[in-house]
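The values are calculated or read from the model by the stated rules, or taken from the named source; none is laboratory data. All of these numbers come straight from a predicted model, not from anything done at the bench. Because the Cβ atoms are built from the backbone with ideal geometry, glycine has one as well, and the counts that use them run over all protein chains shown.
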Amino acid sequence: MELLAPDAVFETHPIDAHTTQSKGVLLVVPWDQEFGGVNSVVRNLARYLVETGREPTFLFPGDTVRPREGVSRLGFPAIYMNLRPVMVRQRPIVSLGGFLLNAPVALHHLMRIVRERNIGVVNVHYPGDNTLYFAALHHLTGTRLVTSVHGSDLTGLPARCFRRFTTSVLMRNSDVVVAPSQWFADYTRHEFPASANKMIAIRNGIDSQVIRAIETKNGTEFVSHPLDGVGEIPYVVCVAAFNRKKAHDTLIRAFASVTAPSQLVLIGDGPLRADITRLIDELGLGGRIVLVGNQPPNIVARVLASAVCSVLPSRNEPFGIAAAESMALGTPVVTSGVGGLGEIVTHEHTGLTFPVDDVPALAAALNRLLGDHRLRERLAEAGSSYARTNFDWRRSASRYVEVAYSRSDARA
């Protein structure tokens with residue numbers, strides 16, 4: 001099988017004309033999980049598809065090339081398949097041979113899924129090592145191909161690597177490429193020219209129904225919630241995966257200079273957990289910082305709702321859904337203002353911002369919010385109004401359906 005050049009474009013040979021009226025949507029996601037920004041986006045999108053009479057099916061990695069049907073952890077119909085990557089760097093020859101043997105069988109199964117489930121749109125989220133299958137599926141079936149990029153699926157790619165090559169091929173053959181912010185859309189156009197004339201920005205959405213259910217402040221500043229050891233004193237919360245781009249080290253060092261009696265709650269987990277724990281111990285902050293791990297969305301919302309403020313000190317952020325959720329809950333936010341965060345938070349209006357990795361500036365912002373009730377109220381009111389108006393999940397999902405999934409040439 002000849003590999004495609006990055007600028008290659010498949011001809012389209014539709015199976016039949018019914019694909020334009022097909023109700024089925026195949027959501028391709030690299031993991032079956034409940035937590036994280038990507039999972040929030042696809043959960044909301046799948047919910048909207050069901051509400052509007054469409055039929056979402058998730059496609060996740062599996063153990064065998066033969067599809068196994070099931071139910072995803074988010075509660076939607078799912079298929080699990082092993083789609084071998086074209087090449088694994090440690091075993092290039094063996095992996096390429098496995099791909100050449102696997103690809104025809106895998107494509108046969110994928111074409112059958114498209115036919116049997118009446119799939120009209122294939123939406124690849126967070127493109128990974130198996131993207132060539134979906135470029136080929138688009139060529140073979142005529143299904144509409146939409147690629148949704150989220151952040152580290154692109155920013156984490158070295159300048160010269162095979163995955164960058166396959167991602168470029170996928171974009172070249174996609175009908176639409178979706179980014180979560182205008183900033184990240186511009187970044188993607190620059191880094192992947194194949195996406196330039198296909199790119200649209202659709203902001204991630206937040207669930208206002210959950211938010212309305214969580215609103216329990218009722219005139220008091222701190223309310224009870226279900227995490228032991230949290231909420232006995234005023235606290236600041238950060239909801240983010242434990243990786244370098246989220247800059248927990250900057251936050252922890254800044255919190256060491258916070259003078260008011262307070263607590264820092266870290267929701268999330270990840271590869272830097274041991275480093276974060278070590279830094280907390282080195283700075284003697286073990287009694288003031290609580291790590292509670294990953295939590296389901298309803299718990300996260302309740303913790304956010306009763307926080308003094310939430311913090312997102314990211315070094316890189318394509319969107320920043322945790323900031324939008326905090327604002328919608330009426331919790332003031334402090335962010336680094338980088339990337340997509342600049343489209344969410346306006347300094348001194350909908351939140352406070354500080355320069356990336358500026359420990360004294362972040363500490364000053366936290367001290368200021370902890371000590372100024374009127375400032376918190378002003379930022380909370382403006383932030384809540386802005387977030388609820390601009391980031392509702394149905395609005396985001398409807399733009400997917402009406403723009404990205406549409407056969408028209410509309411762009412936004």
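Below, the figures for the structure above:
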{"item": "Selection status of Arg47, surrounded by 12 or more Cβ atoms within 10 Å (Cβ to Cβ) and assigned to a helix (DSSP H, G or I)", "result": "yes"}
{"item": "The stretch 357-405: number of residues that are surrounded by 15 or more Cβ atoms within 10 Å (Cβ to Cβ), hydroxyl-bearing (Ser, Thr, Tyr) and closer than 30 Å to Leu145 by Cα", "result": "4"}
{"item": "Count of the stretch 50-85 residues which are surrounded by 15 or more Cβ atoms within 10 Å (Cβ to Cβ), hydroxyl-bearing (Ser, Thr, Tyr) and over 16 Å from Val121 (Cα atoms)", "result": "2"}
{"item": "So Ile79, is it in contact with a strand residue (DSSP E or B) (Cβ under 8 Å, 6 or more places away or on another chain), assigned by TED's automatic domain parsing to the domain that holds Ala397 and either outside any strand (DSSP E or B) or closer than 30 Å to Ile321 by Cβ (or both)", "result": "yes"}
{"item": "Of the criteria (1) more than 30 Å from Gly342 (Cβ to Cβ); (2) basic (Lys, Arg); (3) touching a strand residue (DSSP E or B) at 6+ places or on another chain (Cβ under 7 Å), which one Arg115 fails", "result": "(3)"}
{"item": "Residue within the stretch 244-259 that is buried (at least 16 other Cβ atoms within 10 Å of the Cβ), touching a Pro at 6+ places or on another chain (Cβ under 8 Å) and at pLDDT below 95 present", "result": "no"}
{"item": "Filter result (assigned to a loop (DSSP other than H, G, I, E, B) and under 19 Å from Thr250 (Cα atoms)) within the stretch 344-359", "result": "Phe354, Pro355, Val356, Asp357, Asp358"}
{"item": "Flag if Ala324 is assigned to a helix (DSSP H, G or I) and of a type in the set (A, V, I, L, M)", "result": "yes"}
{"item": "Evaluation of Arg394 against (1) farther than 21 Å from Ala240 by Cβ; (2) without any contact (Cβ under 8 Å) to a residue 12 or more places away in the chain (one fails), failing number", "result": "(2)"}
{"item": "Every pair of residues 6+ apart whose Cβ atoms lie under 8 Å, when the first sits in the stretch 54-75 and is β-branched (Val, Ile, Thr) while the second is in a loop (DSSP other than H, G, I, E, B) and surrounded by fewer than 17 Cβ atoms within 10 Å (Cβ to Cβ)", "result": "Thr64/Asn82; Val65/Asn82"}
{"item": "Condition check for Leu341: in contact with a Leu (Cβ under 9 Å, 6 or more places away or on another chain), in contact (Cβ under 8 Å) with a residue 24 or more places away in the chain and in a helix (DSSP H, G or I)", "result": "yes"}
{"item": "From Arg163, Arg203, residue being part of a helix (DSSP H, G or I) and charged (D, E, K, R)", "result": "Arg163"}
{"item": "Cβ pairs under 7 Å, 6+ apart, first in the stretch 247-260 and among the basic types (Lys, Arg), second part of a helix (DSSP H, G or I) and at pLDDT 95 or above", "result": "Arg253/Val359"}
{"item": "Some residue of the stretch 123-143 being assigned by TED's automatic domain parsing to the domain that holds Leu45, within 21 Å of the chain's Cα centre (by Cα) and of a type in the set (Asp, Glu)", "result": "yes"}
{"item": "Residue within the stretch 274-281 that is buried (at least 22 other Cβ atoms within 10 Å of the Cβ), at pLDDT 95 or above, more than 17 Å from the chain's Cα centre (by Cα) and not aromatic (Phe, Trp, Tyr) present", "result": "yes"}
{"item": "Odd one out for Val146 among (1) at pLDDT 90 or above; (2) of a type outside the set (Ser, Thr, Tyr); (3) over 24 Å from His109 (Cα atoms); (4) not in a helix (DSSP H, G or I)", "result": "(3)"}
{"item": "Subset of the stretch 317-371 (residues that are of a type in the set (Val, Ile, Thr), more than 17 Å from Ala387 (Cα to Cα) and in contact with a helix residue (DSSP H, G or I) (Cβ under 7 Å, 6 or more places away or on another chain))", "result": "Val359"}
{"item": "Qualifying residues in the stretch 1-57 (those that are modelled with pLDDT of 50 or more and acidic (Asp, Glu)) - the one farthest from Glu325 (Cα to Cα)", "result": "Glu55"}
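Per-residue answers, yes or no, for (1) in contact with a helix residue (DSSP H, G or I) (Cβ under 9 Å, 6 or more places away or on another chain); (2) farther than 22 Å from Ala46 by Cα; (3) among the polar types (S, T, N, Q); (4) assigned to a loop (DSSP other than H, G, I, E, B):
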{"residue": "Val94", "(1), (2), (3), (4)": "no, yes, no, no"}
{"residue": "Phe99", "(1), (2), (3), (4)": "yes, yes, no, no"}
{"residue": "Asn102", "(1), (2), (3), (4)": "no, yes, yes, no"}
{"residue": "Leu107", "(1), (2), (3), (4)": "yes, yes, no, no"}
{"residue": "Met111", "(1), (2), (3), (4)": "yes, no, no, no"}
{"residue": "Gly120", "(1), (2), (3), (4)": "yes, no, no, no"}
{"residue": "Pro127", "(1), (2), (3), (4)": "yes, no, no, yes"}
{"residue": "Leu137", "(1), (2), (3), (4)": "yes, no, no, no"}
